[in-house]
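The values are calculated or read from the model by the stated rules, or taken from the named source; none is laboratory data. Not measured: the values here are computed from a predicted model. Reconstructed Cβ throughout: ideal geometry from the backbone, glycine too, with neighbour counts over all protein chains shown. Note: areas computed on protein heavy atoms with side chains; ligands, DNA, RNA excluded. Shrake-Rupley method; radii C 1.70, N 1.55, O 1.52, S 1.80 Å.
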Amino acid sequence: MELTIEHLSKTYPNGTQALKGVSFSIPKGMFGLLGPNGAGKSTLMRIIATLQDADEGSVRLGHLDILKDKQATRQILGYLPQEFGVYPKVSATAMLDHIAMLKGVQNKSERKELVEALLHRVNLYEHRKKAVSSYSGGMRQRFGIAQCLIGSPQLIIVDEPTAGLDPGERNRFYNLLSEIGENVIVILSTHIVQDVKELCTNMAIINEGHLLFTGAPDAALSEMSGKVWEKSVAKAELDRYKAEHQVISSKLVAGQPLIHVYSEAAPGDGFEAADPSLEDVFFGKIFGVN
């Protein structure tokens, strides 16, 4: 089963065009949606999650028309927004029990079994009696995944899930998402390239409402092969290099800028060939140099 998005557009009342005729398909597995803040990612996610209407276009999951049959969509959807509210003093067990009831699990013993299984799966069983509002950022995100999984969804959307997590929590979250993505469609919306690099077999890059790339990360890297060059430069010379070359990224290494430039041929000037990274692909697409 695939999620098919065709000619999707959305303009807000203030004139901002968040999506401009976006079309692509998402197969089963982990799919990364990359883009800077304000690119249109969250608008796209909210439309797919039936929380917002599109101006034009269609979204279909197999034979299900997501934009027209919102109630049926919500029955097979799991959604973890960037931030989600919880009742201040309610435990994880009570919250999941309540959500399971809302999703149609009426039998009390079935709900208890389901909730305990989910808490074990996201490694929160030992903390089940604590208020979710007292959880760390990573624990809250894992709880968010638990509530996503109620009802055995066919489509799961997670929006900026690892922002603010420490490396240990991020790795635990990666492992959990990878396991889930073996059986269903999981859309990971993020501006963190590392998230996509670690998790996703397919991806799309979106910026200013336009789709810039869709396909496998390896295919995107192949497009950049032989066209990325690097050099360490003095901080005082950085502006000059940006003026003379198509600089796609710059990061400090041992306190000195290491720049990557895009060029079809060797640019000379002391540059050396570099293996392209997904960061190079991302910034290259954003800056329109490849």
#### Entry: Cα centroid separation - segment 198-270 against segment 139-188, whole Å
29 Å
### Message
Once ligands and nucleic acids are excluded and a 1.4 Å probe is used, how much of residue 134 is accessible, expressed in Å² to the nearest 10?
### Response
80 Å²
### Query
At q = 0.09, 0.14 Å⁻¹, what base-10 log of I(q)/I(0) does the Debye formula yield for segment 2-215 when every alpha carbon is treated as an equal point scatterer in vacuo?
-0.35, -0.85
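So how many Å³ per residue does the convex hull of the Cα atoms of segment 221-287 work out to? Kindly include the intermediate steps, with their values, before the conclusion.
Working: hull volume 5.5 nm³, N = 67.
For segment 221-287, the hull spanned by Cα atoms encloses 82 Å³ per residue.
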## Note on the structure
HN-Hα couplings for segment 172-181 via Karplus (6.51, -1.76, 1.60; θ = phi - 60°), in whole Hz with x for Gly/Pro, come out as 4, 5, 4, 4, 5, 5, 4, 5, 5, x
### Message
Among 259, 150, 206, which one shows the highest mean-square fluctuation when the chain is modelled as a Gaussian network with alpha-carbon springs under 10 Å?
### Response
259
### Query
By a straight-distance test (C-alpha under 19 Å), which lysines pair with residue 235 as possible cross-link partners, with residues fewer than eight away in the same chain excluded?
251
### Query
Just 214, 201, 11 to compare: in a GNM of the chain, with alpha carbon springs under 10 Å, which one fluctuates most?
11
### Message
If amide hydrogens are placed 1.01 Å from N in the peptide plane, which non-local residues have theirs closer than 5 Å to the one on residue 200?
### Response
none
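Using DSSP to define loop residues, name the GluC sites (Glu not before Pro) in segment 29-117 whose beta-carbon has at most 11 other beta-carbon atoms within 10 Å.
On the way: sites: 56, 83, 110, 113, 116; in loops: 83.
Counting only loop positions with at most 11 other Cβ atoms within 10 Å, the GluC sites (Glu not before Pro) in segment 29-117 are 83.
Count the DSSP beta bridges whose two residues both fall in the chain, then state the antiparallel fraction as a percent rounded to the nearest 5.
In the chain, approximately 65 percent of DSSP beta bridges are antiparallel ones.
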## Note on the structure
Along segment 42-51, Karplus-curve 3J(HN,Hα) (6.51, -1.76, 1.60; θ = phi - 60°) to the nearest Hz, with x for Gly and Pro, reads 5, 4, 4, 5, 5, 5, 5, 7, 6, 9
### Task
Would you calculate, for the chain, the mean residue ellipticity at 222 nm contributed by helices, counting each DSSP H stretch of 4 or more residues as -39,500 (n - 2.57) and dividing by all residues, to the nearest 500?
-9500 deg cm²/dmol
